[in-house]
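Reviewing the structure listed below.
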Amino acid sequence: MSVTCSQLRRSDPRNALGQTSFVPLGSQRVIWMMSKRRGSGPVSVSGRGQPENTGPSSRTDVIRLEGRLQLTPKFSVAAWAEAENAKGHFCACGCGQRVRVLPMHRNNGIPKYIPEHSPSRFGAEIQALHDQGLMTAADLAKELRLQRKAVHPLADEIIGDTPRVGSRQIRIFTPKQVAKLRAELAKRAHPRHDLTDAQWKKVAPIVSRSPKQRSGRIPDERGIVNAIRWILRTGTSWKAMPDRYPCRSACQAHFYAWKLDGTWAKVCQVLA
């Protein structure tokens, strides 16, 4: 017995799997070749392609089965987010600002409000504080370009205890207190806190590498140490580092490497 694909299509509009032989766009035809030696038991699958022995005098019966796999296009969540941003989703409060659509919104849903304008109870409390000219700790960190975890210790040191209001006991700061903190940060950022020549003589043997270990451009290791000390002293974020220091990426990379191998601990011990 020999059944070919053309015979299936001519004799029956449906193939051996009960499906139509027509292959639409976006699908792929898959053919299985099954052979059975007469009197040898169940049919065995031999894979895709023609068997070697398919002649009429062969003792093997060949059955050709045809199936269809539906191929779906690959979906990109990032492309979906870009398309939604191109459409334009505006804040439901009526401010006219666009809502930024992110890939995670594909499953969570596109928000109706921007985070600052959400009509939640907590958002309403924050907005009421802003209307009075007050700042929260998050606002202060953004205003002074500080890390959030550095705001409270700095405020405790310079200002002392400040009022907490609202259902979540939000710590607030007045414009006068913000100006005082800004002035203190400006003082701490002064170059007089950089390493002196005497201090650098102690630190240089610890952080400097031998010429054999150097490759490429030689970094300003003294400037990098000064930048790291400035970050740790002020609690400011790396983005706010003054331009007089080396580039931010180099300072960050050296700090994490020195902290990992114990070099920075030695520097602090020498400067103590």
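None of the figures in this text is laboratory data; all of them are computed from the coordinates on show. Here the structure is a predicted model, which is why all the values come from computation and not from measurement. A quick note on method: Cβ atoms are made from the backbone with ideal geometry, for glycine too, and the neighbour counts reach across all protein chains shown.
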Cα-based reach from Lys176 at 19 Å (exclusive), listing lysines while leaving out same-chain residues under 8 positions away: Lys142, Lys187
Distance (nanometres) between label positions extended 7 Å along Cα→Cβ at Ala128 and Arg248: 3.6 nm
Rough spin-label spacing in nm, given labels placed 7 Å along Cα→Cβ, for Ala198 and Gln169: 4.7 nm
Backbone HN-Hα couplings from phi across the stretch 156-162 [Karplus 6.51/-1.76/1.60, Hz, Gly and Pro as x]: 5, 6, 8, 9, x, 6, 10
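If a/c stays under 1.5 just call it rounded; otherwise compare a/b with b/c (prolate if a/b is bigger, oblate if not). Do that for the stretch 123-272, with a ≥ b ≥ c from the square roots of the Cα gyration tensor eigenvalues.
The shape class here is prolate.
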Cross-link pairs Lys239/Lys266; Lys149/Lys239; Lys202/Lys266; Lys87/Lys112; Lys149/Lys259 - those with Cα-Cα distance over 18 Å: Lys239/Lys266; Lys149/Lys259
Nearest-0.05 FRET efficiency for Ala272 and Asp161, computed from C-beta distance (R0 30 Å): 0.50
